[in-house]
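Peer 1: Structure below; questions to follow.
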Amino acid sequence: MSKQVVFSGIQPTGDIHIGNYLGALRNWVRLQDEYDTIYCVVDLHALTVAQDPAEFETARLEAAKMVIAAGVDPTTSLFYYQSQVPQHTELSWILGTLTQLGSLNRMTQFKDKSDQGAANLGLYSYPVLMAADILIHHAHKVPVGDDQVQHLELTRDLAERFNRRFGDEFPVPEGIIPEHGARIMSLQDPTSKMSKSDPNQGSRILLLDDPDVVRKKVGRAVTDSGTGIEYNWESKPGISNLLEILSLFSETPVEKLVDAHADKQYGEFKQLVAEAVVDGLAPIRSAYASLEDEDVSRLMHKGALDARSSAEKFQVSVRQKVGLTGH
Ligand code: TYM
């Protein structure tokens, strides 16, 4: 029996942080053994925010290198730049014709971004392109963080709607959302999520941060009033976030950590967290340093060719179903 297909994507905007890693990337790596895995640097999505062209070229390559350094093996997984596989955008158009404006109006990420005054058509239809990314590969599973759940719901709706209207084409994909790590919070405000776009650099730890920078950022992380190491998101969001980060990097359940460190001072506890993060990031940093730009570019081109031929067979089937066979 053939394996199920996993698909996920990451935007090449800003540097990749431990939220991206713990919520998504780390699972991408783990799923490679069990599934047919397809991963994508979603550069077209990133264009929904203005990018400097020269810097964008660099950011795309850096994102590709980070994903490989984190453990995605481009000889095992299909890995490529979204813009190099035009089947994504064609399917996005077709799915767009099945998308109700009301459902796009409800998307919280769109609402947040448009409140900041950055609304454009691409941002509005962003979730439709995301649905096309997933469906063009007939993916069954989608490993993402918590902030993508609403977009995934739309993807499922569109798959069902297409199947109902034109006949069975797409599996209805399910999210793989980790129980812990799906929503790593900002170190400076543990009530909002760690984000690439937060102007405060101290709010996030980047995968390539030097050990000393990691120590500084963890040391300055906002903690809670009172004392004691407790896992309680209501009364101790700062410590709970650090516990979660420590738990994931040290592969130790949160409850065990709480038992072991309940009486520690915040300062001492933060040192433990910092060292676990430093150790966890060390192999990624060294893998990144050993990657050559040209090798990665070559791999990405090869990935795009393979992804195109894989997407093409589903493109043909979609075209037939909607009445676009070209005779
Ligand atoms: P992006 O590039 O914003 O983030 C990449 C992945 O990181 C997760 N993530 C987090 N997880 C835990 N805690 C956080 N603080 C945190 N911040 C981000 C995201 O949930 C995501 O899984 N729309 C997507 C990219 C995309 C995509 C797709 C994903 C485009 N097409 C198809 C899956 C399938 C995005 O902006 O991810």
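The values are calculated or read from the model by the stated rules, or taken from the named source; none is laboratory data. Worth saying up front: this structure is predicted, and the values here are computed from it rather than measured. Cβ placement follows ideal geometry from the backbone for every residue including glycine, while neighbour counts extend to all protein chains displayed. When the accessible area is computed, the model is the full protein with side chains, heavy atoms only, and any ligands, DNA or RNA have been set aside. Shrake-Rupley method; radii C 1.70, N 1.55, O 1.52, S 1.80 Å.
Peer 1: Putting +1 on Lys and Arg Cβ atoms and -1 on Asp and Glu Cβ atoms, find which of V142, G117, A46 reaches farthest to the positive end of the dipole of segment 30-155.
Peer 2: G117
Peer 1: With θ taken as phi - 60° and the coefficients 6.51, -1.76 and 1.60, list the Karplus ³J(HN,Hα) couplings across segment 311-322 in order, rounded to whole Hz; mark glycine and proline as x.
Peer 2: Computed from phi, the couplings for segment 311-322 are 5, 4, 5, 6, 4, 4, 5, 5, 4, 4, 5, 8 Hz.
Peer 1: According to a simple spin-label model (label point 7 Å from Cα along Cα-to-Cβ), what is the distance in nm between K313 and A54?
Peer 2: Distance between the two pseudo-spin positions: 4.4 nm.
Peer 1: When the Karplus curve 6.51 cos²θ - 1.76 cosθ + 1.60 is applied with θ = phi - 60°, which whole-Hz ³J(HN,Hα) does each residue of segment 134-139 get, with x for Gly and Pro?
Peer 2: 6, 6, 4, 9, 6, 5
Peer 1: Between F79 and residues 5 or more places away or on another chain, which pairs have amide H atoms under 5 Å apart, with H built 1.01 Å from N, and which residues are they?
Peer 2: Placed amide hydrogens put Y39 under 5 Å from F79.
Peer 1: For helix 87-96, what angle does its Cα long axis make with the longest principal axis of the chain, in degrees from 0 to 90 and rounded to 10?
Peer 2: For helix 87-96, the angle is close to 80 degrees.
Peer 1: Could you name the lysines in cross-link range of K111, using Cα to Cα under 18 Å and dropping any fewer than eight places away on the same chain?
Peer 2: Of all the lysines, those that pass the test against K111 - Cα under 18 Å, at least 8 places apart if same chain - are K193, K196.
Peer 1: Looking at this model, which pairs from K217/K256; K113/K256; K216/K302 are more than 31 angstrom apart at the alpha-carbon?
Peer 2: K113/K256; K216/K302
Peer 1: Just round it to a whole percent: the fraction of Cα-Cα distances in segment 182-327 exceeding 17 Å.
Peer 2: 69
Peer 1: While we're on this one: Using Cα pairs under 8 angstrom and six or more residues apart, how large is the relative contact order of the chain, in percent?
Peer 2: Taking the mean separation of contacting Cα pairs over the length of the chain, I get 22 percent.
Peer 1: Please list S297, S186 from largest to smallest accessible area, probe radius 1.4 Å, with all protein chains kept in place.
Peer 2: Largest accessible area first, the residues go S297, S186.
Peer 1: Using θ = phi - 60° and the Karplus curve 6.51 cos²θ - 1.76 cosθ + 1.60, what whole-Hz ³J(HN,Hα) does each residue of segment 209-220 get, with Gly and Pro shown as x?
Peer 2: In residue order, the calculated couplings are 4, 4, x, 5, 5, 4, 4, 5, 5, 5, x, 8 Hz.
Peer 1: What do you get for the angle between helix 149-166 and the principal long axis of the chain? Use alpha-carbon atoms, 0 to 90 degrees, nearest ten.
Peer 2: Approximately 20 degrees, to the nearest ten.
Peer 1: Give the carbon-plus-sulfur fraction of the accessible surface of segment 23-113 in %, rounded to a whole number; probe 1.4 Å, heavy atoms of protein chains only.
Peer 2: Carbon and sulfur together cover 54 percent of it.
Peer 1: Using only the alpha-carbon atoms, how far is helix 53-69 inclined from the longest principal axis of the chain? Give it as 0 to 90 degrees, nearest 10.
Peer 2: Compared with the principal axis, the helix lies near 70 degrees.
Peer 1: How high is the FRET efficiency from E160 to L121, r the C-beta distance, R0 35 Å, rounded to 0.05?
Peer 2: Plugging the Cβ-Cβ distance into 1/(1 + (r/R0)^6) gives 0.90.
Peer 1: While we're on this one: So if R0 is 51 Å, what FRET efficiency would Q320 and D212 give, r being the distance between their Cβ atoms, rounded to the nearest 0.05?
Peer 2: 0.30
Peer 1: Given points 7 Å out from each Cα along the Cα-Cβ axis, report the S192 to D279 separation in nanometres with one decimal.
Peer 2: Label at S192, label at D279, 3.3 nm between them.
Peer 1: In terms of modelled amide H atoms, which long-range or inter-chain residues lie less than 5 Å from the amide H of R204?
Peer 2: L187
Peer 1: Using a 1.4 angstrom probe on heavy atoms only, work out the carbon and sulfur share of the accessible area of segment 160-228 in %.
Peer 2: 46
Peer 1: Ok, one more. Choose one of Y80, Q100, N20: the residue whose Cα lies farthest towards the positive end of the charge dipole of segment 1-121 (beta-carbon charges +1 Lys, Arg; -1 Asp, Glu; about the Cα centre).
Peer 2: Toward the positive end, the furthest listed residue is Q100.
Peer 1: Pop a pseudo-label 7 angstrom from the Cα along the beta-carbon direction at both D263 and S225 and give the gap in nm to one decimal.
Peer 2: 2.5
Peer 1: Where in segment 167-183 does the amide nitrogen come within less than 17 Å of the point 7 Å from the Cα of D147, taken along Cα to Cβ?
Peer 2: 177-178, 181-183
Peer 1: Considering only protein heavy atoms, what is the solvent-accessible area of W233 at a probe of 1.4 Å, reported in Å² to the nearest 10?
Peer 2: Here the accessible area works out near 90 Å².
Peer 1: In whole angstrom, note down how far apart the Cα centers of segment 125-186 and segment 242-279 are.
Peer 2: About 33 Å separates the Cα centre of segment 125-186 from the one of segment 242-279.
Peer 1: Something else about it: Averaged across orientations, what area in nm² does the convex hull of the alpha carbons in the chain project?
Peer 2: If I average the Cα hull's projected area over directions, I get 18.1 nm².
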